[in-house]
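Single-structure report; data block below.
We did not get these values from a lab; they are worked out from the coordinates using the rules stated. As the structure is a computational prediction, the values presented were derived from the model and not from experiment. Here the Cβ positions follow ideal geometry from the backbone for every residue, glycine too, while neighbour counts run over all protein chains shown.
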Amino acid sequence: MGLKHSIPHDLGLEMGRKVTVKALESYRASFTEYNPQGRWVTEDRAEVSFSVAGKTLKGAVDVRSTAVDLELDVPFLFRPFKAVAIKVIEDEIRDWINRAKRGELDEEA
């Protein structure tokens, strides 16, 4: 793919999965104008996409026991915006990591 980024966590694999599912669901609800899509292809990997300026950007999210790894195929013309895109996704995942640490994900189960 193109751009790779890792978001470390200390939640373990199972809670890392829960956090990532919640983050992707929240991202999809919050940013409908970008038509975010996601499909879990394995228990630990989701293929994701969203549209910006008429272009569809594709990537993947991999959940590991110590990190959530992002891969994003960023066309050359969009490379100046890659830091913004990664920050938005990372902020959403970090928010859910913090919720999990406060026990909020256990309350929803």
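Identify the GluC sites (Glu not before Pro) of the range 1-64 meeting these criteria: DSSP loop state and at most 14 other C-beta atoms within 10 Å of the C-beta.
Values: sites: GLU14, GLU25, GLU33, GLU43, GLU47; in loops: GLU43.
Those satisfying the criteria are GLU43.
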Between 0 and 90 degrees, rounded to the nearest ten: what's the tilt of helix 12-30 against the longest Cα principal axis of the chain?
50
Pairwise FRET efficiency - THR56 versus ASP91, Cβ, R0 = 30 Å, nearest 0.05
0.85
Helix-only estimate, please: 222 nm mean residue ellipticity of the chain, summing -39500 (n - 2.57) across DSSP H runs of length 4 or more and dividing by its residues, to the nearest 500.
-13000 deg cm²/dmol
Cα-based Lys pair tally, the chain, threshold under 28 Å, eight or more apart or on separate chains
21
Structure-derived percent of Cα pairs over 23 Å apart - corresponding label in [x] 39; [y] 23; [z] 17
[y]
Which cross-chain or sequence-distant (5 or more) residues have an amide H under 5 Å from the amide H of ALA67, H modelled 1.01 Å from N in plane?
HIS9
